Every structure is written in C-alpha cells, then in structure tokens.
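Chemist: Sharing a structure below in structure tokens format, with a few things to ask.
All of the numbers you see were taken from the coordinates with simple rules; none came from a lab. Keep in mind that what you see is a predicted model, and the values were worked out from it rather than measured. Here Cβ is always computed from backbone atoms with ideal geometry, including for glycine, and neighbour counts include all displayed protein chains.
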Amino acid sequence: MPDLVYRAAPPGALRVEPLGELTAIFDRRSMQTHLVVSPMPEILAAMGAADCDTATLAARLAESFDFDGADDVQSILAERLSELAAMGLVARA
C-alpha cells in the first residue's frame, strides 16, 4: 500500500492551546474544538505547510524526539494521521 500524503490545515485555521496534558485545538473552519494528547499537536506542528507523507513526518519528528527502537514509527504515524483526518484537522493531498 503506498504511503498516503496529507496536508495540514492552512495557516491561521487552527488555534492550538496547551492545557496541561491535554491540548485544545479549535478549528476556525468548522467551529469545533478537539481535545487531544501528545503526539497529535507535535504531528500537526511538524507537518508544516507542504504536503507530507509518513516518511517525511517521521524524519522531521526524529529531529526532536528519540524513536530509539521504534521500528513501526511510520505505521503509528499513519494511524495518527488517519485520526487527524477523521477530525478534519488534516486532509489527504
């Protein structure tokens, strides 16, 4: 199965507010607020403005996080991206 490509919300579309262990993400387009936990906010931040696949996202996140021994990072990221897409916070490119 090919690696799916996703696009983050446009700049200014999301308001991200840390609330302790939770993060509130308000989507200005849908007027919905989503409560998420790590690594969702970090994934959104690492995606940037360009289209992103799991390999690219894993490389970006590896610059800040230790994935020591995590061989299935890309499959986990694919699951998280699918969840973010279901919430409408990212879209398939």
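Chemist: Take the chain, connect every pair of alpha-carbon atoms lying under 10 Å apart with a spring to form a Gaussian network, then pick out the residue of Asp68, Asp27, Asp53 with the largest mean-square fluctuation.
Modeler: It is Asp68.
Chemist: With N set to the number of residues, divide the alpha-carbon radius of gyration of the range 5-92 by 2.2 N^0.38 Å and report two decimals.
Modeler: That works out to 1.05 for the range 5-92.
Chemist: To continue, here is another question. Between Asp68 and Phe26, what is 0.36 nm times their sequence separation minus the Cα-Cα distance? Round to one decimal in nm. It would help to have the intermediate numbers written out before the result.
Modeler: Values: separation 42, 0.36 × 42 = 15.12 nm, distance 3.24 nm.
Contour length minus the Cα-Cα distance gives 11.9 nm.
Chemist: Give, rounded to the nearest 20 debye, the magnitude of the charge dipole that the range 5-92 has about its Cα centre when Lys and Arg contribute +1 at Cβ and Asp and Glu contribute -1 at Cβ.
Modeler: For this selection, approximately 600 debye.
Chemist: Okay, next question. For Ala49 and Arg92, calculate 0.36 nm times their separation in residues minus their Cα-Cα distance, and state this gained length in nm to one decimal.
Modeler: 14.1 nm
Chemist: So how much slack lies between Glu17 and Asp3, counting 0.36 nm per residue of separation and subtracting their Cα-Cα distance, in nm?
Modeler: Value of the extension gain: 2.0 nm.
Chemist: 5 Å is the cut-off here: which amide hydrogens, built 1.01 Å from N in the peptide plane, fall below it relative to Asp53, excluding neighbours closer than 5 in sequence?
Modeler: The answer is Tyr6.
Chemist: Provide the packing ranking of 12-20, 72-80, i.e. peptides ordered by the mean count of other C-beta atoms within 10 Å per residue, highest first. Each step should come with its number before you reach the end.
Modeler: On the way: 12-20: 10.9, 72-80: 15.2.
Peptide ranking by packing, descending: 72-80, 12-20.
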